[in-house]
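These notes are about the structure you will find just below.
The values are calculated or read from the model by the stated rules, or taken from the named source; none is laboratory data. All figures in this text were calculated on a predicted structure; none of them were measured in a lab. Note that we place each Cβ from the backbone using ideal geometry, even for glycine, and neighbour counts take in every protein chain shown. To get the accessible areas, we keep the full protein, side chains included, count just its heavy atoms, and leave off ligands, DNA and RNA. Shrake-Rupley method; radii C 1.70, N 1.55, O 1.52, S 1.80 Å.
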Amino acid sequence: MPRTGTPRLRFGVAARLTAGLVGLTVLTILAASVALYGTQAFRDGFDRIALNRFGQLVAMAKLTQQSHSVASSAPRLVAAADRRDLAQQVANTRDQFRLLDAAAANLIASGADPTVVAGLTAMRTHLQDSLNRLATLVADRQDADAALARAMDDLDRQAQDSRRMQSRLAEVITALSEINASQGDTVALEAQVRNGDVIRRMTDDMARAVNIMLRVVSVRYPGQLAPMLEEVRRLIDRAHQDSQELPGAVADGYVSLIDQLSGRAEGPTSVFTLRLRQIEVTDQVAAVLSASKDDLDRFIASVSRQYAALEAEIASERTEFTAFIATTYNGLFAIAAAAVAGAAVIFLFLRRRVIGRLIGLQHCMVANAEGQAVPIPADGQDEIADMGRAFGYFVDEVGRRETALRAAKDEAEHAYAQLASANASIREGMRYAQRIQQSLLPDVDAHGGLLEDLAVAWQPLDAVGGDYYWIGAQGGRCVIAVMDCTGHGVPGAFMTAIAASALARILQDHGQDHDHGHDDPAVILTALNTLVRGALRQDRPEATSNDGLDAAIVVLDPAARRLSFAGANMPLFYDDGQELHLIKGDRHSLGYRESRPDFEFQRHDLDLAPGMRFYLMTDGITDQIGGPTRRLFGRRRVQDLLRAGAHLPMQAQVQQLLDALAEYRGEESRRDDQTFIGFVPRLGPAEAPAETQQAAAVPA
């Protein structure tokens, strides 16, 4: 807005406000001078309590917390299962002591009493020595446990050798007795009978001696070992005496066994000596553990006392500081009252000369903002008059811009309507694609009654997905397929359409091949690999795409009570009623440029028994992120859930798995499509078993 007129010196609003501010400044300086002493004293007291004392309290609290962490080290050392676990616990204990030392250093840095910290440090050194001694004894106990376990295994093997030898000699004596009886040689027959009686006495004595030695592991007190050892010696001596009544060849075999048994009962590596050492070390561990617990309790009690004493000191200083603040507050209140009175005088002066005119200008501004054409006062040559003229110019400019804004708004609303229409079309297209993909999936009863129980969970990540499954019956066989195609959403759905078409063509061609039919899943995978590569034109050197899938094919022949499986980067789980087994698929995907067309997939055959349960799934289940540490759900959790739910109907077992997966996922988003199929075959009448090569399954 252009300015007119000749500039001149004026005593305007700025000069008036400056005079008022000078007066307020004088009052502020006066108040600050009076309150300076109180403010400095307040700062000193606050620093002493908030910075120094509370810093000591925080450091002492950390020391107390770390002392409790150290206290938990002793039970973990004793509970170590092996040397590796013990080494880990020893390392953890050292880490806890380093943290304890750091807490003590922080306590010293915060200004705590060095005498107190020195006393705690001395107790800490004694405590660490106790825990080191405990770790050494735990290692000795583990060595004693391992030596006794080896000795008991050797003793068990000797017992088995003794029983086998007794059985062979009994057979020989029986055969000789029959020969002597048939020849009428009564003298030889009586000798064989006596030898048999002697052998039975010897083996009985040796068996009792072995049983006594096997019970050594359950002995709790050292005094119980001596009577047991004496009884074993008596039985071994009697067996030696009986062996002298046997013929030389027979006696030599038994004498060797008796000498071995004697060696396991006597000497530094005998089960009695090893068990005595085990008991002694265990008692020492218990004693050191008890002593360590006492040391820990004393250390924690000392730290707790120091913490309580520090809290009491802080409470006392806080009370004194509160009283000082109250006194200072009263003085500052009096000064503030004087400042308010001075400000009131200045306000009354400015109210009439400045604020009144500003309020009038404000009312004009509000009225114009509400659409009322109210004249804007612009009389005078001071700053308020300049503001009125500037606001008038602003109102005119706003009117012009509002007109332009309305036109822009109309254009934006038209564009929004077009965007909403396009979005509705996209959503309708996605729903139509979802119906198309679901139409590719088989019906629930597509197995034709060849399955006794079936449950399917098919959950695409979006409206459509890249997972696909097929269940169908033909020629008395049932084919079950699960596929995990590249990607998810619309790209994955296109891949499933290609895979479904290829599988349908393969099953139709195999159905017409009476020599193979649907009994070879490995051939189906090979054909699927070729067709998908050809459909995507990835069997050519100039191919630019590289997409494919992982798959698992199961062919069930209830009449033959046989199940055949082949997998491309996808496993098969099955439960035979005893344990859960895993058959891994081949490490080779289908359809990719690098997928070999001549790759021979391995076929796994299983003989079926009533009640066997089988499971197929894609990696969207095992690769789901969740839990407090944001890790994969993993195959191990799936296996544990399958074992726990093996008694449930298949639908309930699958729902149990999905519920556990949802709980583990928590607030995490889904990462991939998820498909899971569980089924129980319906078996035909039992036939003579054909010679089949059993699948190389391993316990899951």
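What's the FRET efficiency of THR64 with GLU280 using the Cβ-Cβ distance as r and R₀ = 35 Å, to the nearest 0.05?
With R0 = 35 Å, the Cβ-Cβ based efficiency is 0.40.
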key: Relative contact order, percent, segment 552-700 [alpha-carbon distance under 8 Å, six or more residues apart]   = 32
ASP101 paired with HIS363, simple spin-label distance in nm, labels 7 Å along Cα-to-beta-carbon = 8.0
Net length gained if the chain between LEU36 and ASP197 were fully extended (0.36 nm per residue, minus Cα distance) = 46.5 nm
query = Which loop trypsin sites (Lys or Arg not before Pro) in segment 216-248, with loop taken from DSSP, have no more than 10 other Cβ atoms within 10 angstrom of their Cβ?
reply = ARG220
remark   = Applied in sequence order to segment 214-226, the curve 6.51 cos²θ - 1.76 cosθ + 1.60 (Karplus, θ = phi - 60°) yields integer Hz couplings, x standing for Gly and Pro, of 5, 7, 4, 5, 8, 6, 9, 10, x, x, 7, 6, 4
inquiry  = Taking the Cα centroid of segment 252-284 and of segment 458-476, what is the distance between the two, rounded to the nearest whole Å?
reply    = 64
key: Estimated distance in nm for a label pair at GLN655 and THR544, the labels positioned 7 Å out from Cα along Cα-to-Cβ   = 5.0
inquiry  = Need one word for segment 414-568: rounded, prolate or oblate. Basis is the Cα gyration tensor (sqrt eigenvalues a ≥ b ≥ c); a/c below 1.5 gives rounded, then a/b vs b/c decides.
reply    = oblate
remark   = If the chain between ARG208 and ASP154 were fully extended at 0.36 nm per residue, the gain over the current Cα-Cα distance would be 17.8 nm
ask   = Between GLN244 and ASP85, what is the FRET efficiency for a Förster distance of 45 Å, r being their Cβ-Cβ separation, to the nearest 0.05?
value = 0.30
remark   = For GLN224 and ARG643, extending 7 Å from Cα along the Cα-Cβ vector and measuring point to point gives, in nm, a value of 3.2
task = Can you figure out the FRET efficiency of ALA338 with TYR393, using R₀ = 30 Å and their beta-carbon distance, to the nearest 0.05?
result = 0.10
request  = Could you list the residues of segment 476-510 with an amide nitrogen less than 13 Å from a label point located 7 Å from the Cα of ALA559 in the Cα-to-C-beta direction?
outcome  = 476-478
key: Candidate residues SER589, SER292: accessible-area rank, largest first, probe 1.4 Å   = SER589, SER292
ask   = Between segment 60-139 and segment 579-651, how many Å separate their Cα centres?
value = 45
ask   = Using a 1.4 Å probe, what is the accessible area per residue for segment 394-499, in Å²?
value = 58
Local electrostatic count at ARG124 - Lys and Arg +1, Asp and Glu -1, tallied over other residues with Cβ under 12 Å = -1
task = Count charges around GLY626 for me, please; just the other residues with Cβ under 11 Å from its Cβ, Lys/Arg as +1, Asp/Glu as -1.
result = +2
task = Determine the share of segment 483-632's accessible area contributed by carbon and sulfur atoms, expressed in whole percent, with a 1.4 angstrom probe.
result = 47
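Quick check: residue separation of ASP44 and GLU663 times 0.36 nm, minus the Cα distance between them. What number comes out in nm?
Extra length available between ASP44 and GLU663 comes to 217.4 nm.
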